[in-house]
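Below is one structure; the comments refer to it alone.
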Number of protein chains: 2
Amino acid sequence: MSALKSSIIETFGFSESEFNSIQDFFVPIEIKKGDHFLKQGQYVRHLGFVENGILREFLYTNGKEVTKWFSSSGYFAVDLSGFLFGQKSKVNYQALSDVSLLALSKDNYDKIADKVQRWNILEKMFLTKCFSVLENRVISHLSMNAEERYNQLFDINPELFNQVPLNYLASMLGMTPETLSRIRNKRS
Amino acid sequence: MSALKSSIIETFGFSESEFNSIQDFFVPIEIKKGDHFLKQGQYVRHLGFVENGILREFLYTNGKEVTKWFSSSGYFAVDLSGFLFGQKSKVNYQALSDVSLLALSKDNYDKIADKVQRWNILEKMFLTKCFSVLENRVISHLSMNAEERYNQLFDINPELFNQVPLNYLASMLGMTPETLSRIRNKRS
DNA sequence: TCGATTTTTTGATATTTGTCAAGCCAATAA
DNA sequence: TTATTGGCTTGACAAATATCAAAAAATCGA
């Protein structure tokens, strides 16, 4: 079983046979470095699963560019609420390297319920997990300083630090690139 | 129609008749000022809708007490992921004043699907909205300073500022009470 | 490979925010 | 009523973080 397939199974909680029944819903897409998978203001027509490479999720707000997340291998890439509500995206997804991903269209997403009996339960669990991740992120900002947030991310996901430009990482952590650089310096 | 009933209808997107069919699932509870509706570590057995008074959601983490949210009239009170997954609560809900609320037990929550045809859709929309609120909160911390976060909250929910102790509000905004006090001072 | 561009670091300095201590005010209980 | 408590503010100072400018390092394209 491919790593990507097992990460989709994991993300949604499918059994292998459940996944096999909707396998064809996932369409491979290649994105060149620098190109966008999704742009702020466009309708969110696909949910992507990254197989190789990294996408950066970012948006413009309050006159700033803010990096919100990185989708690397095994992660999904989508403006979730835009996708589910059929609305326009609030964010951009841009490829930081050549990226290959599997795309699930909104139309096919809505057909999963016909193929997978438990889909209502699985979808609910999926959404709840997404909610929980954000909850923890809010709590991090309420209870930790820049260095603690850096350490937390580094402990959980050290690979990220040699895969993406540090100025984007700084933005995602809510600090300037200079501050991140100094924290790194301190640790080494 | 009572304000509380219409806020439940609004929260979940029920029609009035859909709500009527599950009306009995909601059980009134009174909580005395200072008492807890939910404690960190307890199983989350109920989802509460506040009718009167205010509850404070808070938790202990990294050696600090962090206020995460206030549930005032019309809002719900629950550790959502704990409730949906049948897990223990990560947070406390304490009454800042005498509170009356309607409680929906997990058992009854799971029975809504039998009574309301569209429940799967409505529940999904409800979860997506919750997700979206947290998304915006994360973005606030990535793109705004203390004063901007204060102003944003004040513009959206000014009543909060004369209903809850400001030191708790400061914590929810991710700043110290002194900083909040000085920002307030500046504005007046 | 070289030059150009981007990313990262470093230093100096400014600003924001936190900490600590004290005082004030208002609500509340004895 | 007074005394007490909790909540809020204020001031002085310290620490964290941002800003700006420049240099160094890494990356990329021709």
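The values are calculated or read from the model by the stated rules, or taken from the named source; none is laboratory data. Since the model is a prediction, treat every value here as computed from it, not as a measurement. As a convention, Cβ positions derive from the backbone with ideal geometry for all residues, glycine included, and neighbour counts pool all protein chains shown. Surface areas here come from the heavy atoms of the whole protein model, side chains and all, with no ligands, DNA or RNA. Shrake-Rupley method; radii C 1.70, N 1.55, O 1.52, S 1.80 Å.
Out of B:L153, B:L142, I need the residue that is touching a Leu at 6+ places or on another chain (Cβ under 7 Å), in a helix (DSSP H, G or I) and within 14 Å of another protein chain (Cβ to nearest Cβ). Which one?
Answer to the check: B:L153.
Conditions tested, residue by residue: (1) near DNA strand D (Cβ under 9 Å from one of its atoms); (2) buried (at least 20 other Cβ atoms within 10 Å of the Cβ); (3) at pLDDT below 95; (4) of a type in the set (K, R).
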| site | (1), (2), (3), (4) |
| --- | --- |
| A:N136 | no, no, no, no |
| A:L142 | no, yes, no, no |
| A:L153 | no, no, no, no |
| A:R182 | yes, no, no, yes |
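Looking at (1) open to solvent by 10 Å² or more (accessible area, probe 1.4 Å); (2) in contact (Cβ under 8 Å) with a residue 24 or more places away in the chain, can you tell me which one A:K129 breaks?
It is condition (2) that A:K129 fails.
Can you pull out every residue in the stretch A:156-166 that is within 15 Å of A:W69 (Cβ to Cβ) and either within 14 Å of another protein chain (Cβ to nearest Cβ) or among the aliphatic types (A, V, I, L, M) (or both)?
A:I156, A:L160, A:V164
State the number of residues belonging to the stretch A:107-125 that are among the acidic types (D, E), under 18 Å from A:V27 (Cα atoms) and away from every other protein chain (no Cβ under 12 Å).
Total satisfying the criteria: 1.
Six or more apart or on different chains, Cβ atoms under 6 Å: show the pairs whose first residue is in the stretch A:164-177 and closer than 12 Å to A:R149 by Cβ and whose second is near DNA strand C (Cβ under 7 Å from one of its atoms) and open to solvent by 20 Å² or more (accessible area, probe 1.4 Å).
As it stands, the answer is A:A170/A:P177, since those pairs meet every condition given.
In the set B:I183, B:I156, which member is of a type in the set (V, I, T), touching an Asp or Glu at 6+ places or on another chain (Cβ under 6 Å) and over 26 Å from B:P28 (Cα atoms)?
Criteria check complete, one pass: B:I183.
I'm checking my understanding of the structure. Among residues of the stretch B:6-23 that are in contact (Cβ under 8 Å) with a residue 40 or more places away in the chain and small (G, A, S), which one is surrounded by the fewest Cβ atoms within 10 Å (Cβ to Cβ)?
B:S21
Quick grid of which residues meet (1) open to solvent by 50 Å² or more (accessible area, probe 1.4 Å); (2) without any contact (Cβ under 8 Å) to a residue 40 or more places away in the chain; (3) within 26 Å of A:P177 (Cα to Cα):
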| position | (1), (2), (3) |
| --- | --- |
| A:F26 | no, no, no |
| A:L55 | no, no, yes |
| A:W69 | yes, no, yes |
| A:A77 | no, no, yes |
| A:K88 | yes, no, no |
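Kindly list the number of the only condition in (1) more than 29 Å from B:W69 (Cα to Cα); (2) facing another protein chain (nearest Cβ under 8 Å) that fails for A:T128.
If we test A:T128 against (1) more than 29 Å from B:W69 (Cα to Cα); (2) facing another protein chain (nearest Cβ under 8 Å), just (1) comes out false.
Counting only residues that are within 13 Å of chain A (Cβ to nearest Cβ) and on the phi < 0 side of the Ramachandran plot, how many does the stretch B:48-68 have?
The qualifying residues number 10.
Among the residues of the stretch B:161-174, how many are surrounded by fewer than 16 Cβ atoms within 10 Å (Cβ to Cβ) and part of a helix (DSSP H, G or I)?
Number of matching residues: 4.
Just one of the numbered conditions (1) within 12 Å of DNA strand D (Cβ to nearest atom); (2) within 20 Å of the chain's Cα centre (by Cα); (3) within 14 Å of another protein chain (Cβ to nearest Cβ) is not true of B:T176; which one?
(2)
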